[in-house]
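Here's the structure, in structure tokens; my notes come after.
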Amino acid sequence: MINKVTSNKPNMAVNVGGIKMKNPVTTASGTFGFGSEYSAYVDVSRLGALVVKGVTLEPRLGNATPRIVETPSGMLNSIGLQNPGIDYVLKHYIPYFKTLSTPVIVNISGDTVADYATVAEKLSVAGGVAGLEVNISCPNVKKGGLAFGSNPVMAAEVTAAVRAVTKLPLIIKLSPNVTDIVAVAEAVARAGADALSLINTLLGMAIDVRTRRPVLGNVTGGLSGPAIKPVAVRAVWQVHQAVALPIIGMGGISSVDDALEFILAGATAVAIGTVNFANPQATIEIINGLATYLIDNGIKDINDLVGSANNNARNY
């Protein structure tokens, strides 16, 4: 039952797997750099949390260009996890993270299970990091390039390896490019995950009809933006009903109504991604909009909304 507000200041704070956030709005990894890049446009201290660009053990140059193409209601990207590597991040970005009042969540990736564990261990002792988001959409080079997140057993293997080397809150980012996302969510929950992020991008492709060639240098890429929102909301809905872990919902959120859909479906927090490229103020607008929604609807605590659409679900 939703509690009615008794003052003009409803509670916006949430807890995602041990990470205390002043509000449920964070950034989607890969769309906000390491935070400092947006500091001229966004007051980072107002965010519930800051999820930074993915980090790997060694520096990566990324995929061949072109890497980005706009699509109807979305964007395809094939950046290829370009990043300066964990040692550079420790030296140049950790000092910045330590100045922030907003919790910083670092997204990590790897080619092998050992890569994930090594990066996680280094971040665990660095300070300035509130939690780790583990991207299991990466290909396991020792198993023919099959993505870790496409198989519950491999997803659990990565989760357990990272859990063994860190006490930081562990958020596993799930891929929608699977037959059963609930099975993967259940597997990583058993392996020690504290929370889940979903969804990552959908695999897509675009072809230039004039040149008759794929637009992206890597041929395929990840589809994000409003086009994938119904898929993402469905995934959050399904996982929330099956797994007792907090969820960070993402996938095409551009407005406060979009964010509310995810929360009503079962997301404790939401991550704002592709829209940041078009509107750097989107995160702040959504934070303000959520507070206004609570006041206008007489709701005391935003946590009361999490998964509340389940109470009104219809079976068709």
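The values are calculated or read from the model by the stated rules, or taken from the named source; none is laboratory data. As the structure is a prediction and not an experimental result, all values here were calculated from the model. Methodologically, a virtual Cβ is constructed for each residue, glycine included, from the backbone with ideal geometry; neighbour enumeration extends over all protein chains shown.
Of the numbered conditions (1) on the phi > 0 side of the Ramachandran plot; (2) modelled with pLDDT of 95 or more, GLY144 satisfies every one except a single condition; which is it?
Of (1) on the phi > 0 side of the Ramachandran plot; (2) modelled with pLDDT of 95 or more, only one is false for GLY144: (2).
For segment 83-108, which residues satisfy the criterion of being among the β-branched types (Val, Ile, Thr), within 13 Å of VAL44 (Cβ to Cβ) and in contact with a helix residue (DSSP H, G or I) (Cβ under 9 Å, 6 or more places away or on another chain)?
Those that are among the β-branched types (Val, Ile, Thr), within 13 Å of VAL44 (Cβ to Cβ) and in contact with a helix residue (DSSP H, G or I) (Cβ under 9 Å, 6 or more places away or on another chain): THR102, VAL104.
Would you say ARG163 is over 18 Å from ALA271 (Cβ atoms), of a type outside the set (Ser, Thr, Tyr), at pLDDT 95 or above and surrounded by fewer than 18 Cβ atoms within 10 Å (Cβ to Cβ)?
Spelling it out, it is not the case that ARG163 is over 18 Å from ALA271 (Cβ atoms), of a type outside the set (Ser, Thr, Tyr), at pLDDT 95 or above and surrounded by fewer than 18 Cβ atoms within 10 Å (Cβ to Cβ).
Could you grab me the full set of residues in segment 195-237 that are over 30 Å from LYS20 (Cα atoms) and in contact with an Asp or Glu (Cβ under 6 Å, 6 or more places away or on another chain)?
VAL215
Scan the strands (runs of 3 or more DSSP E) fully inside segment 11-112 and keep the ones with 2 or more residues being closer than 28 Å to LEU290 by Cα.
By residue number, 14-16, 19-21, 25-27, 50-55, 74-77, 104-108.
Does ALA120 meet the test of being buried (at least 23 other Cβ atoms within 10 Å of the Cβ) and out of contact with any Cys (no Cβ under 7 Å at 6 or more places or on another chain)?
In short, yes.
If I filter segment 81-88 for residues that are closer than 24 Å to GLN281 by Cα, touching a strand residue (DSSP E or B) at 6+ places or on another chain (Cβ under 8 Å) and of a type outside the set (S, T, N, Q), do I get at least one hit?
no
Given the structure, is VAL52 touching a strand residue (DSSP E or B) at 6+ places or on another chain (Cβ under 6 Å) and buried (at least 21 other Cβ atoms within 10 Å of the Cβ)?
So VAL52 fits the description; yes.
Here are some residues: GLY266, GLY225. Which one is small (Gly, Ala, Ser) and touching a Phe, Trp or Tyr at 6+ places or on another chain (Cβ under 9 Å)?
GLY266
Looking only at residues that are hydroxyl-bearing (Ser, Thr, Tyr) and in a strand (DSSP E or B) in segment 216-270, which one is surrounded by the most Cβ atoms within 10 Å (Cβ to Cβ)?
The residue in question is SER224.
Within segment 198-215, how many residues turn out to be over 22 Å from VAL275 (Cα atoms) and outside any strand (DSSP E or B)?
Total satisfying the criteria: 4.
Which ones in segment 79-99 are surrounded by fewer than 19 Cβ atoms within 10 Å (Cβ to Cβ) and under 20 Å from ALA195 (Cβ atoms)?
Within segment 79-99, no residue meets the criteria.
Output yes when any residue across segment 17-27 is within 19 Å of ASN276 (Cα to Cα) and among the hydrophobic types (A, V, I, L, M, F, W, C), and no when none is.
Yes, segment 17-27 contains at least one residue that is within 19 Å of ASN276 (Cα to Cα) and among the hydrophobic types (A, V, I, L, M, F, W, C).
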